[in-house]
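Reviewing the structure listed below.
Coordinate-derived values only; no laboratory data. Predicted model only: the values in this text are computed from it and were never measured. Here the Cβ is made from the backbone with ideal geometry for all residues, glycine too, and neighbour counts use every protein chain on show.
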Amino acid sequence: MAALAVKRVYEPVAESDGQRVLVDRLWPRGLSKEKAHLDLWLKDIAPSDELRHWFGHDPALWDEFQKRYRAELEGRGEALAALRALTAKGKVTLLFAAHDEEHNNAVALAAYLREA
């Protein structure tokens with residue numbers, strides 16, 4: 001697998017980002033499509049609304065969130081295939097909007113992809 005990075009969507013775009021893929025279900029608040037510079041918005045790979053609300057970015061729930069999200073990812077073959085196809089071509093940066101840069105779905109997704 002090519003290089004995989006994780007970055008907050010509000011951070012400046014860098015040439016080193018490669019393909020920029022937003023992996024959130026909801027569009028980032030206050031960000032225009034032009035400023036996001038996305039190559040793909042893969043909302044189908046994001047956690048379900050139920051899981052997202054349950055987690056609420058509470059670091060105490062992080063380990064359980066990752067387990068539940070991985071279980072959801074097992075049923076998202078089409079979205080995973082699209083993402084893996086991109087990573088086969090070169091660097092991909094998974095973008096997220098959350099303030100917590102360590103406990104979010106993009107970090108969990110990157111770990112899942114690296115292990116798979």
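Tabulated data for the structure shown
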{"read-out": "With at most 14 other Cβ atoms within 10 Å, longest stretch of the chain clear of loop GluC sites (Glu not before Pro) (DSSP)", "value": "1-73"}
{"read-out": "Cβ-based net charge around Trp62, under 14 Å, with every Lys or Arg adding one and every Asp or Glu removing one", "value": "-2"}
{"read-out": "Percent of Cα pairs exceeding the 20 Å cut-off, where the set is the range 4-115", "value": "35"}
{"read-out": "Positive-end residue, the chain charge dipole about Cα centroid, Cβ charges, pick of Gly56, Leu22, Tyr112", "value": "Leu22"}
{"read-out": "P(r) tail fraction, the range 6-47 - alpha-carbon pairs more than 16 Å apart, %", "value": "29"}
{"read-out": "Radius of gyration and maximum dimension Dmax of the range 63-116, Cα, Å", "value": "11.4, 32"}
{"read-out": "Sum of side-chain charges, Val92 neighbourhood, beta-carbon under 10 Å (Lys, Arg +1; Asp, Glu -1)", "value": "+2"}
{"read-out": "Check: the chain dipole with +1 on Lys, Arg Cβ and -1 on Asp, Glu Cβ, in debye", "value": "340"}
{"read-out": "For Thr93, Thr87, order by how many other beta-carbon atoms lie within 10 Å, fewest first", "value": "Thr87, Thr93"}
